[in-house]
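Take a look at the structure set out below.
The values are calculated or read from the model by the stated rules, or taken from the named source; none is laboratory data. Computed from a predicted structure; not experimentally measured. All Cβ positions, even for glycine, are placed from backbone atoms using ideal geometry, and neighbour counts span all protein chains on display.
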Amino acid sequence: MIFFQVNEKCNGCLACVQNCPARALDAEESSGIQTLRHNMARCARCATCWRVCPQDAIEFQHMLENRWDEVVTHVLVRCRVCNEIVYAQPLTESLDTKVRELVEPLCCRHKMERHADILSGRLPVTGGGAE
């Protein structure tokens, strides 16, 4: 999502560019066309551009909204015993194939119980969650 927006009221005066303390705004000219540019990484989110714009062309409110933007979603892997969330599926996919075969979807509590059972000899040591 683009947070910094300029509407049709902009007259190209560049008051925003001249007053930006973070130098997050600049104007580029090419073949008689002026393009206003914004660099989000430099932006201090101070709203100076919005305050100094004589045309009310800066729509800074998008940066000031108190909301959560969804950026990524993942399928969750749950403990095969108690259904507690253990990790996200891409974590498994990022592992080496041999390591991936050894990973069991177990929460910390059930992983500790499994290790205790293996150490005591109650369960054999096997890969991939087979018992």
Take the residues in segment 7-45 that are in contact with a helix residue (DSSP H, G or I) (Cβ under 8 Å, 6 or more places away or on another chain) and assigned to a strand (DSSP E or B), then tell me which one is farthest from E70 (Cα to Cα).
-> A27
Restricting attention to segment 8-18, report how many residues are exposed (fewer than 14 other Cβ atoms within 10 Å of the Cβ) and either touching a Phe, Trp or Tyr at 6+ places or on another chain (Cβ under 6 Å) or under 19 Å from C46 (Cα atoms) (or both).
-> 1
State which residue is farthest from W50 (Cα to Cα) when the search covers only segment 61-90 and only residues that are modelled with pLDDT of 85 or more and part of a helix (DSSP H, G or I).
-> Q89
